[in-house]
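Everything on this sheet refers to the single structure shown next.
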Amino acid sequence: MTAMTVKKKRGQKRDIVFPFVNGLILCILMFVTLYPVLNTVAISFNDGTDAVRGGIGLWPRVFSTEAYKSLLTDEQIYNAFFISVARTVITTVLNVVLTSMLAFALSRKEYVLRGFITLVMVLTMYVNAGLIPNYLLISKTLKLSKTFWVYIIPTMFSCFNMIVIRTYINGLPEALAESARIDGANDLRIFWQIIFPLCTPVLATVALFVAVGSWNQWFDTQLYNGSKKNLYTLQYLLKMKLATSMQSMNAANTSADALVNSTKSTPITIRCAITVVSAAPILVVYPFLQRYFVTGMVLGGVKG
């Protein structure tokens with residue numbers, strides 16, 4: 001047997017071993033990642049009293065939908081869902097469009113103030129006035145408290161997203177803009193018809209970041225719209241329901257009748273149901289943006 005044949009057989013063996021080991025590791029990682037999600041879903045569909053015992057795996061031990069009934073029978077949750085969807089969509093669209101427009105302007109080498117403006121914006125990422133000045137600015141100066149616009153206006157721009165998009169634009173061939181300018185196109189037309197379509201991967205990535213952050217936000221509702229029930233977001237309303245469930249459980253410990261009524265759903269099942277309801281919309285949207293995610297982060301990453 002020649003040395004060439006031995007090397008060939010070793011190479012074939014490695015070609016078989018590596019895919020097997022790689023696939024095994026990926027399967028383990030997939031299970032570790034999916035198990036908490038599937039376990040949360042299983043507990044949310046389990047009977048409240050039985051869930052207190054623990055030990056639930058990937059499937060409900062005593063199937064029950066009482067946790068979801070206690071959430072979805074409240075009509076206020078549908079209004080809160082609409083507020084959250086409207087807030088997320090409007091914020092995402094405005095943030096992506098306005099941030100990308102500024103990123104394009106600051107990427108132009110002929111703009112003499114681009115370095116100074118970028119420096120000022122980056123400083124805001126390191127130096128923050130704090131919660132109290134921010135509250136006074138939004139509620140007293142801008143008078144956005146108790147309005148829907150308190151969810152939109154303070155989140156229309158992100159400095160970090162601007163840097164990511166600008167870096168991506170800097171990686172595009174400058175000849176594209178120069179040829180369009182020779183043909184008579186102005187900067188606005190160059191941006192909308194050439195640069196913006198080419199930035200789809202990084203814009204989809206930024207849109208996902210903004211949408212997830214906006215959808216999960218609840219503190220600004222408590223801070224500015226805590227007294228306006230018609231402006232409650234879904235996350236804030238679910239947080240309040242969880243707190244109410246905990247209070248009911250504490251009261252049930254001192255009342256036999258209340259204990260009987262509370263066994264259908266407990267804070268454990270309510271908490272898991274809240275997690276499923278709040279995470280489901282993002283899980284539905286994410287697969288459509290996943291193919292842009294890696295490309296956008298790699299090409300739009302900050303380069304040294």
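Checked against (1) within 25 Å of Asp220 (Cα to Cα); (2) without any contact (Cβ under 8 Å) to a residue 12 or more places away in the chain; (3) charged (D, E, K, R), Arg87 passes all but condition (2).
Has segment 127-148 got any residue that is under 28 Å from Pro281 (Cα atoms) and assigned to a helix (DSSP H, G or I)? The answer is yes, given that some residue of segment 127-148 is under 28 Å from Pro281 (Cα atoms) and assigned to a helix (DSSP H, G or I). Suppose we keep only residues that are in a loop (DSSP other than H, G, I, E, B) and among the hydroxyl-bearing types (Ser, Thr, Tyr) within segment 37-78. Which one would you say is nearest to Leu238 (Cα to Cα)? For segment 37-78, the residue satisfying everything is Thr73.
Give the number of residues within segment 14-57 that are modelled with pLDDT under 85 and touching a helix residue (DSSP H, G or I) at 6+ places or on another chain (Cβ under 8 Å).
Residues meeting the conditions: 4.
The single condition among (1) in contact with a Ser or Thr (Cβ under 9 Å, 6 or more places away or on another chain); (2) modelled with pLDDT under 85 that Ala80 does not meet is (2).
What number of residues in segment 196-227 are polar (S, T, N, Q) and more than 10 Å from the chain's Cα centre (by Cα)?
Summing the residues that are polar (S, T, N, Q) and more than 10 Å from the chain's Cα centre (by Cα) in segment 196-227 gives 6.
Every condition in (1) assigned to a helix (DSSP H, G or I); (2) over 23 Å from the mean Cα position of the chain (by Cα); (3) under 25 Å from Gln193 (Cβ atoms); (4) not aliphatic (A, V, I, L, M) is met by Glu110 except one, and the failing one is (1). Restricting the first member to segment 70-81 and to residues that are under 13 Å from Ile274 (Cα atoms), and the second to residues that are loosely packed, with under 13 Cβ neighbours inside 10 Å, the beta-carbon pairs closer than 9 Å and six or more apart or on different chains are Leu72/Tyr78. Quick one: is Ala129 within 30 Å of Leu237 (Cα to Cα) and either touching a Gly at 6+ places or on another chain (Cβ under 7 Å) or crowded, with 18+ Cβ neighbours inside 10 Å (or both)? Spelling it out, it is not the case that Ala129 is within 30 Å of Leu237 (Cα to Cα) and either touching a Gly at 6+ places or on another chain (Cβ under 7 Å) or crowded, with 18+ Cβ neighbours inside 10 Å (or both). Restricting segment 148-199 to residues that are surrounded by 14 or more Cβ atoms within 10 Å (Cβ to Cβ) and hydroxyl-bearing (Ser, Thr, Tyr), the residue that is modelled with the highest pLDDT is Tyr151. For segment 67-116, a residue qualifies if it is among the basic types (Lys, Arg) and surrounded by fewer than 21 Cβ atoms within 10 Å (Cβ to Cβ), and the qualifying residues are Lys69, Arg108, Lys109, Arg114.
The values are calculated or read from the model by the stated rules, or taken from the named source; none is laboratory data. This is a predicted model, so every value here is computed, not measured. Virtual Cβ from ideal backbone geometry, glycine too; neighbours counted across all protein chains shown.
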